[in-house]
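The values are calculated or read from the model by the stated rules, or taken from the named source; none is laboratory data. For clarity, every value in this text was computed on a predicted model and none was experimentally measured. Here the Cβ positions follow ideal geometry from the backbone for every residue, glycine too, while neighbour counts run over all protein chains shown. Ligands, DNA and RNA are stripped out before the accessible areas are found, and what is left, the full protein with its side chains, is counted by its heavy atoms. Shrake-Rupley method; radii C 1.70, N 1.55, O 1.52, S 1.80 Å.
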Amino acid sequence: MLKRILRSIGWLVGAGAADHFATRGETRDLVARIARIEQHLDRLAQLSVTQAEQAQAQRFLQEKTCAELAYLNGLMRVVSADVVNASAGQPLLGAKTNIFSQNYEDAIISAIFGRVGSGQKRFLEVGVGDGTENNTRLLLELGWRGAWVECDPAAVAAIKNRLADYIADGRLILIEEAVTAETINDVVARCGLSGEIDFLSLDIDMNTSHVWRALSLKARVACLEYNASFPPEVEFEVAYDPQAAWQGSSYFGASLLSLDTIARQKTMALVGCDLMGINAFFVRQDLAEAHFAGPHTPAAHYQPPRYALAGARGHPRAAGRFARAGA
């Protein structure tokens, strides 16, 4: 509005109307003043836009920061409660550390076997990557023996190179194959495993639940990936497709309740989930009842998805075999 008034005054001055009340020098000075005022108004307008953008950005950052702080505060409450309960001897997640695992599985697995005993120290892991970050590598280094199944040729080649001596002495059986519900028992037979093993780790993204249901091999302890996007009261399982590949969305695998249903059919009980909401841990029912406080239900052990916290922690993973005394 002010700029329109100034333009009207400028037009009157330029038309000579100012001759009736001012000299020509005063007229020129007035025109110059009007031009400077217009420039100031333009700069003020630009400044106002910049300030508005800055204010909006500050509000966004404040809201995001508050949301992040709320998330971290909630996480700290979970961790604090976990540590307190662990000191009372109740839950599974008191220890949090990694040597070869990604989400504190090393600590959780160690805690479980600290209660139920190591048994014959036999394992099977399906979906191991290149062997530098998986759930049974630490067990292998601690003297266990078992089998790894991996479908990625590059990862298999890396394992053969890095852990050649374990493969050579028969401690580690390595099979390159993409397992399905139809082939899992044949793969297990080729691994030389039968009866009951001590630890099973199964993480094949889309069809984890279907393959576990089809698996005849029994395990004293099992670790399976669950889909934490679904709350513990919801049954969910992707439609079985042996050719399916995960596309990075929340459509994968099975909910914790659906895995728990399969576990009960296998006479196993849920004893905990990792803090990231990625893995669920099941123990043979008699051992669970003897060594783990109940209830052994999804509602009691569910952890929501905290995928942003997942990733390598601490020192880089060791690539080759660990040197051991007497090895």
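Condition test on T97, is it at pLDDT below 95, open to solvent by 50 Å² or more (accessible area, probe 1.4 Å), in contact with a helix residue (DSSP H, G or I) (Cβ under 9 Å, 6 or more places away or on another chain) and at negative phi? Here the answer is yes, as T97 does meet what is asked. Against the numbered list (1) modelled with pLDDT of 95 or more; (2) open to solvent by 20 Å² or more (accessible area, probe 1.4 Å); (3) among the acidic types (D, E), D198 comes up short only at (2).
Considering A263, A228, the condition of being in a loop (DSSP other than H, G, I, E, B), closer than 24 Å to I109 by Cβ and out of contact with any Lys or Arg (no Cβ under 7 Å at 6 or more places or on another chain) is satisfied by A228 alone. In this structure, E176 qualifies as touching a Pro at 6+ places or on another chain (Cβ under 7 Å), in contact (Cβ under 8 Å) with a residue 24 or more places away in the chain and more than 17 Å from L217 (Cβ to Cβ).
Could we say that R264 is in contact with a Gly (Cβ under 6 Å, 6 or more places away or on another chain) and not aliphatic (A, V, I, L, M) here?
Numbers: in contact with a Gly (Cβ under 6 Å, 6 or more places away or on another chain): no; not aliphatic (A, V, I, L, M): yes.
So R264 fails the test.
Candidates in the stretch 141-151 are the residues that are modelled with pLDDT under 95 and open to solvent by 60 Å² or more (accessible area, probe 1.4 Å); of these, the one that is nearest to S101 (Cα to Cα) is L142.
Name the single residue that is surrounded by the fewest Cβ atoms within 10 Å (Cβ to Cβ) among those in the stretch 129-140 being among the charged types (D, E, K, R) and in contact with a helix residue (DSSP H, G or I) (Cβ under 9 Å, 6 or more places away or on another chain). Steps first, please.
Step one: of the stretch 129-140, the residues among the charged types (D, E, K, R) are 130, 133, 137.
Next cut, in contact with a helix residue (DSSP H, G or I) (Cβ under 9 Å, 6 or more places away or on another chain) only: 130, 137.
Details: D130: 19, R137: 26.
Top of the filtered list is D130.
Scanning the stretch 205-221 for residues that are in a loop (DSSP other than H, G, I, E, B) and buried (at least 19 other Cβ atoms within 10 Å of the Cβ) yields one hit, L215. Scanning the stretch 156-191 for residues that are open to solvent by 70 Å² or more (accessible area, probe 1.4 Å), at pLDDT 95 or above and under 27 Å from the mean Cα position of the chain (by Cα) gives a single hit, E176.
Can you confirm whether the stretch 281-290 contains a residue that is in a loop (DSSP other than H, G, I, E, B), open to solvent by 50 Å² or more (accessible area, probe 1.4 Å) and over 21 Å from I204 (Cα atoms)?
Scanning the stretch 281-290 turns up no residue that is in a loop (DSSP other than H, G, I, E, B), open to solvent by 50 Å² or more (accessible area, probe 1.4 Å) and over 21 Å from I204 (Cα atoms).
Answer yes or no as to whether E125 is at pLDDT below 95 and surrounded by 15 or more Cβ atoms within 10 Å (Cβ to Cβ).
No, not satisfied.
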